[in-house]
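Read through the structure below, which is laid out as structure tokens, and then see the notes.
The values are calculated or read from the model by the stated rules, or taken from the named source; none is laboratory data. Quick caveat: nothing in here was measured; it's all calculated off a predicted structure. Note that each Cβ is placed from the backbone with ideal geometry, even for glycine, and that neighbours are counted across all protein chains shown.
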Amino acid sequence: MSWVLLTESHAFKLKKPLQLPYVDYRTIDLRHQSCERELRLGRRLAPDVYDAVLPVVQRGEIVDWLLAMRRLPRESMLPEMLARGAARPAHARALGDLLADFYRRAQRTAWDGVEYRRRLSDLVTADGRELVARGAAVEPLVGDVLAAIEREASALDDRVVEGRIVDAHGDLRPEHVCFETRPLVIEPSRSSRSSASGSARDGSAIACSRATANGPATARRLRCSRSIACSTRSRVHCSRCVTSTIRRTRRSGAPAASSTSRSSLQ
């Protein structure tokens with residue numbers, strides 16, 4: 001949902017002036033708000049990457065806004081490291097430590113169990129519609145997930161009561177992770193449809209299931225790191241379930257799910 005302009009040292013994100021079912025960037029003010037929000041959220045896990053929100057000025061008038069970021073070395077991004085076999089157990093431990101501390105300190109949601117389950121169901125339904133519109137035969141899978149949310153209502157409600165649903169990373173994927181002297185995690189743009197509040201296990205499960213395609217051994221280490229990821233007690237949102245979902249979707253001929261923009265910051 002952004003154009004990314006690259007220099008040798010920086011990346012500048014310019015929001016596209018569009019409206020989708022889950023995002024609205026039609027006005028300068030809305031794009032400015034989105035840039036400021038992404039700057040604030042991004043600095044939580046990559047404070048030295050997110051530089052500033054800058055105005056685009058034409059003839060003395062502000063015509064748009066840019067998010068300025070330090071450009072990250074491609075070879076240090078997790079997918080590149082997995083591809084060439086450079087990811088090590090120490091990287092998984094460092095990332096696990098970073099995320100465990102982040103999730104411990106994250107703000108707990110004010111939702112009750114009913115609201116949490118409603119949001120989960122709405123998100124699954126919306127994602128299912130998007131995949132169906134692209135020609136994917138995922139209706140049975142969507143039905144299975146919605147049924148699982150209803151079936152596991154008590155377990156999901158308990159997670160809310162236990163303070164396990166937090167304002168966390170919006171969509172944790174391997175391509176958001178960079179290893180320099182320490183791990184950095186890039187925050188994707190937030191949409192109005194998909195809140196980033198969720199379980200620490202949810203985000204770690206998504207990251208591990210996607211890493212599995214490129215580096216299964218490292219993904220297993222990530223999944224087990226510091227007990228923030230998969231647990232067989234949680235049968236709705238564990239990495240094994242997500243991995244199984246991806247495999248089933250691929251077998252059904254569904255295209256790989258992606259957001260409107262996949263522009264890289266490397």
message: Scan the stretch 137-147 and tell me whether some residue there is surrounded by fewer than 17 Cβ atoms within 10 Å (Cβ to Cβ), of a type outside the set (Gly, Ala, Ser), outside the structural domain of residue 23 (by TED's automatic domain parsing) and closer than 30 Å to residue 37 by Cα.
response: no
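Considering every residue within the stretch 51-62, establish whether at least one is in contact (Cβ under 8 Å) with a residue 40 or more places away in the chain, in a loop (DSSP other than H, G, I, E, B) and either among the aromatic types (Phe, Trp, Tyr) or surrounded by fewer than 15 Cβ atoms within 10 Å (Cβ to Cβ) (or both).
Looking through the stretch 51-62, none of the residues is in contact (Cβ under 8 Å) with a residue 40 or more places away in the chain, in a loop (DSSP other than H, G, I, E, B) and either among the aromatic types (Phe, Trp, Tyr) or surrounded by fewer than 15 Cβ atoms within 10 Å (Cβ to Cβ) (or both).
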task: Can you work out which of the residues in the stretch 6-17 that are over 21 Å from residue 61 (Cα atoms) and hydrophobic (A, V, I, L, M, F, W, C) is surrounded by the most Cβ atoms within 10 Å (Cβ to Cβ)?
output: 11
query: When both residues are 6+ apart or on different chains and their Cβ atoms are under 6 Å apart, which pairs have a first residue that lies in the stretch 23-36 and is over 18 Å from residue 186 (Cα atoms), and a second that is among the aromatic types (Phe, Trp, Tyr) and surrounded by 15 or more Cβ atoms within 10 Å (Cβ to Cβ)?
result: 31/25; 31/65; 32/65
